[in-house]
Amino acid sequence: MKAIIKISILIILFIVSCTNSFNPKYFYYNKNKNIQTENGSSEDLDNTEYVDPAKDPFKNGEWNNINYGFDGSKIPSWFLKVSFGDGNVPSYGFFNPNDGRRWIDGDLSKNEKYFDGSKDGNRVTSPLSVAIDPLKIYRYDYKNPLVTPNSSYNLSERMKRFLFIRIDGEAVIKLDQYLIAIDTYSKFIFAYAKITETGKAPVVGTPYPTKFEPIEKYVDKRPFYEYDPIGFVQSDGTIILYQEYKDEMRKGATDYVPSIHRVSSKVRDMAKHNVNNPGRSPYLLLEDEENFATLIVKSKSIKNIDIKSQTYSIFGRPTTKNEAYLVYATRTATYQDGDSKEYKMLANYRRGEELGFGATGSSIITIKNGETIENIVEHRYTIKDLKSTVFYIDIDTQFIKYNWRLGFPDYSGTVTKLSTYDNSLATFKYDPSTSTLSIKTKKDKIKNIDPESIIIKKGETKNIKISYTNNNENWEVEYTITIE
C-alpha cells in the first residue's frame, strides 16, 4: 500500500511539473556556475539572475537580428588589422585580403581560427614605431577563449553571436593579448578580458600585459556584454571606438576595465552606431540597475607643504632647496567583508617606484614648497544594493624623496621614503543605515584627515583631504568620493 501511495505522489508531482506553464521568470544567466578558466582556476560568480521572458534583452529588441544595421554573417569572413598608439590605445579595422588567404582552423574545441597578419602593416606607434612582426590574429567563434571551451558559460545560447579576437605577435616585446568581442547581431564591440599581470618593456619601461582573465571575475562580476560597448562595426568593415573608451585607455591601458557609465546616477540611453553617442549595452537589464550604485574614488591634487630636497655641488657640498624631487603613488581598494583587496593606482608619478640605474631628470617630478599640482585619476566600484551594503575604502601612498647630484637624481645614497603603503594606510567604513563614511583606522604617517566622517548619498560628491608627515616634513593629498 505504501509503495502505491509513493508512486501516486510521484505521478502527481510529474503531472504538476509538466502542466505548470506559468513561470514568470526563467533562467537568464547562471553566474553561480563554476567558470573554469584557461589557467585552471574555478570561480563561483555567485550572482544568479532571472528575467521575465518578455523582458529578456536577448529575445526582445531590434538588435536581436543578424541583419541589424547590416548583414552580420559576413563579419567572420573579414580579416582584421590592429595597431597601438599613444597610451597603448588600439585601433582596429576589417578588410578583405586580395592575396587568397583564408582563416585557418586551429583548436576546434575552442572554435579557433587564425591567419598570419605579419605583413599587413600592423604596428605599435608609441613610444617607438615598431612593426608587429611576426603576428597571428586569432578569432574564436561563439566561445570566450579565456573560459573552458565546453563550460556551461560557453555553451550558452547567448554566446552564439559573439566573435572573440586575440593576437599573438612581437614588437620588441611579446604581444599575446585578448582584445575585443564583436557582436555579429547588434554590431557593438565589447571588452571581454581583464589584464591581471604586466611586464615592463626594455629601455622605455612601458608596462604591457602578460596575463588575462575573463572580466566576469572582476569589477561587477557580470557578463562582459552587460558593460557599455566600447565601439561598433560599420558595414564597410570600419571599426569605430568611442572617445570615452580611448580616453580611459590613455589614462592607464593596463588598468582598464569596462564599466557602466551613469549620468546623475542613472544609466544612459542605449549606445548608438554614431561616434558621438556612446551609451549602455542593449543587453543590460535596466530594472536590475535601480538598486546599483557606482562608488568613485578619485585623486584630485597633491600639495607639497614643506618637503625639501638638496642639491650637491661638484665638491660634494649640499644646498637645501625649497622644493622636493619625488616619485609618488596613491592607491585605493574598495571591498566588502570577505572580499580580497585589489589595489588600484590613483595619482602617481612613475607609479611611486624606486629609481635605479638609468634614472634621469625626467625620472622625478619637482614640486615646490606650497605648490599644489593636479593629478586626477579615478577608480570605480559597483555596489549592488547601496541601502544594505557595508563597504570599506582603503587609501594608501608611497612618497619617495631624492636629492640631486651632478645632473641626476641621487638614487644610491640619499633616498628618503617619506611614506610607504603600510605606514600611510587609511581605512574608511560606510554604514548604509546612516549613509555615513567614517575613518575606521589610520597609520602613523597620517597627520590629519579632514573630515574624518561624511554623510554621502547617491548622487553626491564629497572632498576628503589627508595630510601626511615624516620627520617634520609635510604634504597633503586631496580626494573626492562620489556615489552615482
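Read the figures in this text as sums done on the coordinates, not as results from a lab. What you see is a predicted model, and the numbers here were worked out from it, not measured in a lab. We place every Cβ from the backbone using ideal geometry, glycine too, and count neighbours over all the protein chains shown.
Hey, with R₀ at 60 Å, roughly what FRET efficiency would Asp247 and Thr320 work out to, going by the Cβ-Cβ distance, to 0.05?
After rounding, the FRET efficiency stands at 0.90.
Need one number for the chain: average projected area of the convex hull over its C-alpha atoms, nm².
Value for the chain: 29.6 nm².
Let's test the formula: R0 of 25 Å, r as the Cβ-Cβ distance of Ala54 and Thr382. What FRET efficiency results, to the nearest 0.05? Show your work: numbers first, answer last.
Working: r = 26 Å, r/R0 = 1.05.
FRET efficiency, Ala54 to Thr382: 0.40.
In whole angstrom, note down how far apart the Cα centers of region 331-351 and region 174-202 are.
Here the answer is 22 Å between Cα centres.
Return the calculated 222 nm mean residue ellipticity for the chain, to the nearest 500 deg cm²/dmol, obtained by summing -39500 (n - 2.57) across DSSP H runs with n ≥ 4 and dividing by the residue count.
Working: 3 runs with 31 residues, N = 484.
That calculation yields -2000 deg cm²/dmol at 222 nm.
For Leu286 paired with Glu62, estimate the spin-label separation in nm (one decimal), with each label point 7 Å from Cα along the Cα-to-Cβ line.
Label-label distance for Leu286 and Glu62, simple model: 1.5 nm.
Ser129 versus Thr360, label points 7 Å from Cα toward the beta carbon: distance in nm?
2.0 nm
Enumerate the aspartates and glutamates that Lys251 could reach by cross-link, defined here as Cα to Cα under 13 Å, with residues fewer than 8 away along the same chain left out.
Asp86, Glu378
Which one of Ser435, Thr254, Leu286 is farthest out on the positive end of the charge dipole of the chain, using unit charges on Cβ (Lys, Arg +1; Asp, Glu -1) and the Cα centre as origin?
Ser435
Which value results when the Cα radius of gyration for region 51-99 is divided by 2.2 N^0.38 Å? Provide the component values of the computation, followed by the final result.
Working: Rg = 16.7 Å, N = 49, 2.2 N^0.38 = 9.7 Å.
Rounded to two decimals, the normalised Rg is 1.73.
Give the value in nm², to one decimal: projected area of the alpha carbon convex hull of region 115-242, averaged over all directions.
Its Cα hull, projected and averaged over all orientations, spans 8.6 nm².
How about region 236-335: which GluC sites (Glu not before Pro) there lie in a loop by DSSP and see at most 11 other Cβ atoms within 10 Å?
Filter output for region 236-335: Glu290.
If Lys and Arg each add +1 and Asp and Glu each add -1, what is the summed charge of the other residues whose beta carbon sits under 11 Å from the beta carbon of Val415?
So the surrounding residues net to 0.
Take the Cα gyration tensor of region 318-405, multiply each eigenvalue by 5, square-root it, and list the three semi-axes largest first, rounded to whole angstrom.
After scaling each eigenvalue by five and taking roots: 35, 14, 10 Å.
Given R₀ = 56 Å, what would the calculated FRET efficiency be for Glu371 paired with Asp105, taking r from the Cβ atoms and rounding to 0.05?
In this case the efficiency is close to 0.40.
Go through Lys174/Lys246; Lys387/Lys443; Lys110/Lys221; Lys55/Lys143; Lys246/Lys298 and tell me which ones have a Cα-Cα distance over 21 Å in this structure.
Correct reply: Lys174/Lys246; Lys387/Lys443; Lys110/Lys221; Lys55/Lys143.
What distance in nm lies between label points placed 7 Å from Cα along the C-beta direction at Ser433 and Arg351?
Label at Ser433, label at Arg351, 4.2 nm between them.
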